[in-house]
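Below is one structure, written out as structure tokens, with a few remarks after it.
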Amino acid sequence: MEMFNCSLITITSIMKTKELTKQVRDKVVEKYEAGLGYTKISRALNISLSTIKSIIRKWKEYGTTANLPRGGRPPKLKSRTRRK
């Protein structure tokens with residue numbers, strides 16, 4: 001039974017969160033361009049520092065704040081077959 005005896009902090013850190021909206025990511029970039037540092041942006045928008053760094057890094061690399069396509073296995077069924 002000790003297997004289930006884990007703290008709430010551990011459980012919440014394992015859970016995934018939803019993606020931030022494009023408006024929020026744009027706001028991060030806007031504040032960065034205005035000269036605010038990562039920590040100040042993180043505190044102002046209540047978003048983790050690593051998320052702020054990731055958003056700005058992707059913006060610098062790709063020039064956009066839109067969600068980028070992810071890798072993964074291609075679907076077994078084509079979209080046309082799936083509709084039938």
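Each value in this text was obtained by applying a stated rule to the coordinates, not by laboratory testing. Predicted model, so just to flag it, every value in this text is computed and none were measured. FYI the Cβ positions are ideal-geometry reconstructions off the backbone, even for glycines, and counts take in every protein chain you see.
Each label was represented as a point 7 Å from its Cα along the Cα-to-Cβ direction; for LYS60 and ARG73 these points are 3.6 nm apart.
Give, rounded to the nearest 20 debye, the magnitude of the charge dipole that the range 19-63 has about its Cα centre when Lys and Arg contribute +1 at Cβ and Asp and Glu contribute -1 at Cβ. Intermediate results must be reported in sequence, preceding the final value.
Details: 10 positive and 5 negative charges, 23 e Å.
In debye, rounded to 20, the range 19-63 gives about 120.
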